[in-house]
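Student: Once you've had a glance at the structure underneath, I'll fire off some questions.
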Amino acid sequence: MSLTAERHRIPLSDGNSIPLLGLGTYADPQKTPKGSCLESVKIAIDTGYRHIDGAFVYYNEHEVGQAIREKIAEGRIKREDIFYCGKPGDAIYPTDENGKMIYHETDLCATWEAMEACKDAGLAKSIGVSNFNRRQLEMILNKPGLKHKPVSNQVECHPYFTQPKLLEFCRQHDIVIVGYSPLGTSRDETWVNVSSPPLLKDPVLNAIGKKYNKTSAQVALRFNIQRGVVVIPKSFNPQRIRENFQIFDFSLTEKEMKEIEALNKNVRYVELLMEEKRSARQRTVASVTQPLSPENLTCSI
Ligand SMILES: NC(=O)c1ccc[n+]([C@@H]2O[C@H](COP(=O)([O-])OP(=O)(O)OC[C@H]3O[C@@H](n4cnc5c(N)ncnc54)[C@H](OP(=O)(O)O)[C@@H]3O)[C@@H](O)[C@H]2O)c1
């Protein structure tokens, strides 16, 4: 498949398609100036991005919406050009009376049926899941009366966490993997395992980058899109937003793809240890990225 800046969509099992490159938009709301997301999404659209990843729990989804509306009003894009992935829900992660997160209350099959109803009502074009393991995917796929299969599974995926088994399972079931934290996260200690080394300093990624006059970030992104994994790097820096888009003018050899695959450490940066980390420090609203229920279902609208 030859991928270009203008044409890099891949098909979804429901007949729609998804751009292989999107802009991630999670940034710590306590450390990020208001309006950064708005400006970044506008720059991204001007750069050529047509896929934006957001969520209510990122506290900036309204800025994403405003940016898209402004770009439509300017005549730069049409609404149908944009693949917006949101994670539905109008509440932050549920907690019990002691403020502890409620983990196991959700009936994922019933929630999936609600997602199907959203699609049938025309509220979402495509519906998918996030942070589902094989067992959870099988639960949905084998659900009696399943109307719509999940088209995608958004999970952590990058050269240090390549997800070979989940990727194979998803390929067999026509489920696209959307790789989050494709650059190895922002290394925010409140939700990231920072004992795992920084991905972008990796010598192999840097050596390959040197050969193509590309950065390690560009190589890491190219690696995933070249194997059909969607990437949603987050940047609110204009230069890096543009840099991350410059991944369609080179390709990695089979040998380089294998070398990068061999970097897999099977270690996640994004651990589900928020609760423990939260209790170890003062509770803040910034700790919203725990991939619990609101982030477990995704839809493109
Ligand atoms: N479903 C889920 O559970 C889930 C979980 C985590 C993330 N996500 C989604 O995935 C998106 C991406 O993941 P992420 O934000 O964890 O991490 P990421 O995209 O791997 O990395 C973001 C970090 O890398 C920096 N960066 C961006 N481009 C760079 C470049 N070319 N060179 C060097 N540094 C660069 C960014 O800083 P600057 O902004 O300063 O450039 C930011 O600190 C999120 O924003 C969110 O939309 C979903």
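The values are calculated or read from the model by the stated rules, or taken from the named source; none is laboratory data. Keep in mind it's a predicted model, so treat the numbers as computed, not measured. Ideal geometry is used to build each Cβ from the backbone, glycine not excepted, and the neighbour counts take in all protein chains shown. Surface areas here come from the heavy atoms of the whole protein model, side chains and all, with no ligands, DNA or RNA. Shrake-Rupley method; radii C 1.70, N 1.55, O 1.52, S 1.80 Å.
Student: Could you sort Asp28, Asp249, Asp120, Asp81 by their accessible area in this structure, using a 1.4 Å probe and putting the largest first?
Tutor: Greatest to least solvent exposure: Asp249, Asp120, Asp81, Asp28.
Student: Amide H of Ser17 versus every other amide H placed in the peptide plane: which residues, excluding those fewer than 5 positions away on the same chain, fall under 5 Å?
Tutor: Leu12
Student: Using +1 on the beta carbon of Lys and Arg, -1 on that of Asp and Glu, and nothing else charged, what's the dipole of the chain about the Cα centre, debye to 20? Please report the intermediate quantities before stating the final value.
Tutor: Details: 40 positive and 37 negative charges, 158 e Å.
Charge dipole of the chain: 760 debye, to the nearest 20.
Student: Please give the calculated 222 nm ellipticity per residue for the chain, where each DSSP H segment of at least 4 residues contributes -39500 (n - 2.57) and the sum is spread over every residue; nearest 500 deg cm²/dmol? Kindly include the intermediate steps, with their values, before the conclusion.
Tutor: Working: 10 runs with 98 residues, N = 301.
Calculated mean residue ellipticity at 222 nm is -9500 deg cm²/dmol.
Student: So what is the relative contact order of the chain, in percent, for Cα pairs below 8 Å that sit 6 or more residues apart?
Tutor: 27
Student: Something else: Counting only heavy atoms of protein chains, what accessible area per residue, in Å², does the chain have with a probe of 1.4 Å?
Tutor: Details: 14220 Å² over 301 residues.
Each residue of the chain exposes 47 Å² on average to a 1.4 Å probe.
Student: Also: Calculate how many DSSP beta bridges within region 128-239 are antiparallel, expressed in % of all such bridges and rounded to the nearest 5.
Tutor: 10
Student: By its C-alpha gyration tensor, with a ≥ b ≥ c as the square roots of the eigenvalues, how is region 15-120 shaped: rounded for a/c under 1.5, else prolate for a/b larger than b/c, else oblate?
Tutor: oblate
Student: Antiparallel DSSP bridges in the chain: what percent, to the nearest 5? Let's see the in-between values first.
Tutor: Working: 12 of 28 bridges.
Here the share of antiparallel DSSP bridges comes out near 45 percent.
Student: Of the candidates Arg268, Arg242, Arg227, which one comes out as most mobile in a Gaussian network treatment of the chain with C-alpha springs shorter than 10 Å?
Tutor: Highest fluctuation of the listed residues: Arg227.
Student: What is the calculated FRET efficiency for Lys165 to Thr106, with r their C-beta to C-beta distance and R₀ = 25 Å, to the nearest 0.05?
Tutor: Working: r = 24 Å, r/R0 = 0.98.
Plugging the Cβ-Cβ distance into 1/(1 + (r/R0)^6) gives 0.55.
Student: At R0 = 30 Å, how high is the FRET efficiency between Glu254 and Lys34 if r is their beta carbon distance? Nearest 0.05 is fine.
Tutor: Rounded to the nearest 0.05, the efficiency is 0.05.
Student: Ranking request for peptides 95-101, 10-16: highest mean number of other beta-carbon atoms within 10 Å first, then the rest in descending order.
Tutor: Result, highest mean Cβ count within 10 Å first: 10-16, 95-101.
Student: May I pose another question? With r defined as the distance between the Cβ atoms of Lys143 and Leu123 and R0 fixed at 22 Å, what FRET efficiency is calculated, to the nearest 0.05?
Tutor: Values: r = 20 Å, r/R0 = 0.93.
The formula returns an efficiency of 0.60 here.
Student: Same structure again: Of the peptides 121-133, 210-222, 48-60, how do they stack up when ordered by the mean number of other Cβ atoms within 10 Å, highest first?
Tutor: Put in order of decreasing packing, that is 48-60, 210-222, 121-133.
Student: Roll a 1.4 angstrom probe over the protein heavy atoms and tell me the percent of accessible area of the chain that is carbon or sulfur.
Tutor: In the chain, the share of accessible area belonging to carbon and sulfur is 51 percent.
Student: Another question about this same structure. Using label points projected 7 Å from each Cα along Cα→Cβ, tell me how many nm separate Arg135 and Val204, to one decimal.
Tutor: Label-label distance for Arg135 and Val204, simple model: 3.0 nm.
Student: Note the full-extension length gain between Asn193 and Asp96 as 0.36 nm times their separation in residues minus their Cα-Cα distance, in nm to one decimal.
Tutor: 32.3 nm
Student: Sticking with this one: When the chain is modelled as a GNM with alpha-carbon springs shorter than 10 Å, which of Pro164, Pro144, Pro197 fluctuates the most?
Tutor: Pro144
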